[in-house]
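Here's the structure we're looking at; comments come further down.
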Amino acid sequence: MADEALFLLLHNEMVAGLYRAAEQGEGENGRCTTKLESMGFRVGQGLIERFTKDTARFKDELDIMKFICKDFWTTVFKKQIDNLRTNHQGIYVLQDNKFRLLTQISAGKQYLEHAPKYLAFTCGLIRGGLSNLGIKSIVTAEVSSMPACK
Amino acid sequence: MSRPAGRKQENHKISRELFVLTYGALVAQLCKDYEKDEDVNSCLDRMGHSIGVRLIDDFLARSAVKKCRSYSETAEMIAQVAFKMYLGVTPSVTCSSPAGNEFSLILDKNPLVDFVEELPAERASLCYCNLLCGVIRGALEMVHLAAEVTFLQDRLKGDPVTEIGITFLRKAEDRKHKRN
């Protein structure tokens, strides 16, 4: 749908704009990532509220993670998470082989060092969503070969 | 995978809400970074401009519209096709100058401010939707139409409707030379 293009462009602009501003200012890369992540956090909190208004209560953590992988991801990125792994002790790995926000950037190892910037917002999104569902979490992202990411 | 039709509508709504919420977070972050409203406004305008120059490609690819022959056709196209496609609303277009190069798009429902109640007191001159102006300006630039786009009225500042003014800067005769 057309909304997707709009969101993709806005997201890319946000990343570019924040980093441009940082370069002219103090030049601290870490701050930009934090800013992006906190923006994602706010959006994630709001979005998950609207989204789970009418759904049934979640049974446990795994149920919540499955919801995120299926419904939440489908609504936001138009596809499901390809692989969910867990060690049943609180660590979950979500793997997306064709991450929407990275497909336009490259299809391999080119520009790999820039990939984390584009994942910060999504990490915040997930953390915000989980926090409003009652789970405190730390979300990190790893890219070994675009456009797949974990 | 079959889904009931009601769910699909909801999903569209959520996608749009994602965009609106993200925009809100962006404006909030910019307000934290910059103290002056003019800086925030110009930053939003610049970002909108970059988005606009890319969005026009997407728009032309999706809508396959024919070339517009006049400024008023262009304004109608923006209002009826582009706004409907991307934001789901159709503003009404009025021509506000006898020369035929100034138009107003009047939005009585602005989806970008769905979750905004009012501007905080210390940000009275913030143009919350300045991104839209930048987008329209950037997109028009890419089809070789220079224009100035500003907000004439803004519901967030107490006006009855939101009005965007587009002023085309070049004469219509120049366009005769352009071939597709």
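Dipole check for the range B:16-168: with +1 at the C-beta of Lys and Arg, -1 at the C-beta of Asp and Glu, and the Cα centre as origin, the magnitude is about 640 Debye. Note that chain A presents 52 Å² accessible area per residue, ligands and nucleic acids not counted, probe 1.4 Å.
Output the peptides B:57-69, B:98-110 sorted from most to least packed, where packing is the average of other Cβ atoms within 10 Å over each peptide's residues.
Taking the mean over residues of other Cβ atoms within 10 Å, the ranking is B:98-110, B:57-69.
For chain A, the fraction of C-alpha pairs more than 22 angstrom apart is 40%. For the peptides A:47-59, B:130-142, the ranking by packing is B:130-142, A:47-59, with the highest mean count of neighbouring Cβ atoms within 10 Å listed first. Normalising the average separation of contacting C-alpha pairs (under 8 angstrom, six or more residues apart) by the number of residues puts the relative contact order of the range A:4-133 at 40 percent.
For chain B, averaging the sequence separation of C-alpha pairs within contact (under 8 Å, six or more residues apart) and dividing by the residue count gives a relative contact order of 25 percent. Since only A:ILE126, A:VAL139, A:LEU84 are under comparison, the one whose Cα sits farthest along the positive direction of the charge dipole of chain A, derived from C-beta charges on Lys, Arg, Asp and Glu, is A:LEU84. Contact with the other protein chains removes 50 Å² or more of accessible area, compared with the isolated chain and a 1.4 Å probe, from these residues of the range B:50-70: B:ILE51. With contributions of -39500 (n - 2.57) from each DSSP H run of at least four residues, the per-residue ellipticity at 222 nm computed over chain A stands at -17000 deg cm²/dmol. Across the range B:16-31, coupling constants 3J(HN,Hα) worked out from phi with the 6.51/-1.76/1.60 Karplus curve, θ = phi - 60°, read 5, 5, 4, 5, 5, 5, 4, 4, x, 5, 4, 4, 4, 5, 5, 4 Hz, and Gly and Pro carry x.
Computed 3J(HN,Hα) for the range B:68-78, one whole-Hz value per residue from the Karplus formula 6.51 cos²θ - 1.76 cosθ + 1.60 where θ = phi - 60°, is 7, 9, 8, 4, 5, 5, 4, 5, 4, 4, 4, glycine and proline marked x.
Using the rule -39500 (n - 2.57) for each DSSP H run of four or more residues, divided by the residues of chain B, the 222 nm mean residue ellipticity is -15000 deg cm²/dmol. Legend: translational diffusion of the range B:18-106 by Stokes-Einstein, Rh = Kirkwood radius over C-alpha pairs, 20 °C, 1.002 mPa s; D = 141 µm²/s.
For the protein assembly as shown, compute Rh as the Kirkwood radius over C-alpha pairs and then the Stokes-Einstein diffusion coefficient at 4 °C and 1.567 mPa s; write the answer in µm²/s, rounded to an integer. Diffusion coefficient, whole number: 61 µm²/s.
Across peptide B:84-93, the mean count of Cβ atoms from other chains lying within 10 Å of each residue's own Cβ comes to 2. Taken residue by residue and averaged, Cβ atoms of other chains lying within 10 Å of the Cβ of B:74-80 number 0. Here the range A:4-133 is assigned +1 on the Cβ of each Lys and Arg and -1 on the Cβ of each Asp and Glu. Its dipole about the Cα centre then comes out at about 260 debye.
Partner shielding of B:20-33 amounts to 6, given as the average count of beta-carbon atoms from other chains within 10 Å of each residue beta-carbon. Taking a ≥ b ≥ c as the square roots of the eigenvalues of the Cα gyration tensor, an a/c ratio of 1.5 or more together with a/b larger than b/c marks the range B:16-168 as prolate.
The values are calculated or read from the model by the stated rules, or taken from the named source; none is laboratory data. Small disclaimer: the values here were computed from a predicted structure and weren't measured. Every residue, glycine as well, gets a Cβ built from its backbone with ideal geometry; the counts of neighbours run over all protein chains shown. Note: accessible area is taken over every heavy atom of the protein model, side chains too, but ligands, DNA and RNA are not part of it. Shrake-Rupley method; radii C 1.70, N 1.55, O 1.52, S 1.80 Å.
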